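The structure appears right after this line, and notes come after that.
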Amino acid sequence: MKKLMIALGAIAAGVNLVSGYPGTPSTEVLEHLAKIGGKAQWAPNEKVAMEAAFGACVAGRRSF
C-alpha cells in the first residue's frame, strides 16, 4: 500500500519519468506507476537508471 501511495504522490507532483532497475526495493513503485498511467522506464542497472532520470531532468522534465 505504501508503494502505491508513493506512485500516486509522484503523479500528483508532476513527475514525468520514473526510472529503476529490476530487483531494486522500488520495483513495486514502478509497477504501480505503470498501472496508473505514469511513465516507468526499466534500466539494466543502477547507472543506466540514474542516467535516464538525469537526462529527463536536463530536458526540463521531473524525474524520480
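In deg cm²/dmol, rounded to 500, what helix-only [θ] at 222 nm does the chain give when every DSSP H run of at least 4 residues adds -39500 (n - 2.57) and the total is split over its residues?
Result for the chain: -15500 deg cm²/dmol, rounded to the nearest 500.
Per residue, what volume in Å³ does the convex hull of the Cα atoms of the chain enclose?
Spelled out: Cα convex hull of the chain, divided by residues, is 64 Å³.
For segment 6-11, just list the computed ³J(HN,Hα) in residue order, Karplus coefficients 6.51, -1.76 and 1.60, θ = phi - 60°, integers in Hz, with x standing in for Gly and Pro.
5, 5, 5, x, 5, 5
Might you report the magnitude of the Cβ-based charge dipole of the chain about its Cα centre, with Lys and Arg at +1 and Asp and Glu at -1, to the nearest 20 debye?
So the magnitude is around 160 debye.
At a 1.4 Å probe radius, carbon and sulfur cover how many percent of the accessible area of the chain?
Result for the chain: 62 percent of the exposed heavy-atom area is carbon or sulfur.
Heavy-atom accessible area per residue, the chain, 1.4 Å probe: how many Å²?
Accessible area per residue: 65 Å².
Quick query: amide H of Lys39 versus all other amide H atoms, modeled in the peptide plane; which residues come in under 5 Å with a sequence gap of 5 or more or a different chain?
Val18
May I ask you to list the lysines whose Cα is less than 17 Å away from that of Lys2, ignoring any residue fewer than eight positions away on the same chain?
Lys35
The values are calculated or read from the model by the stated rules, or taken from the named source; none is laboratory data. None of the values given here were measured: they were computed from a predicted structure. Note: ideal-geometry Cβ built from the backbone for every residue, glycine included; neighbour counts use all protein chains shown. To get the accessible areas, we keep the full protein, side chains included, count just its heavy atoms, and leave off ligands, DNA and RNA. Shrake-Rupley method; radii C 1.70, N 1.55, O 1.52, S 1.80 Å.
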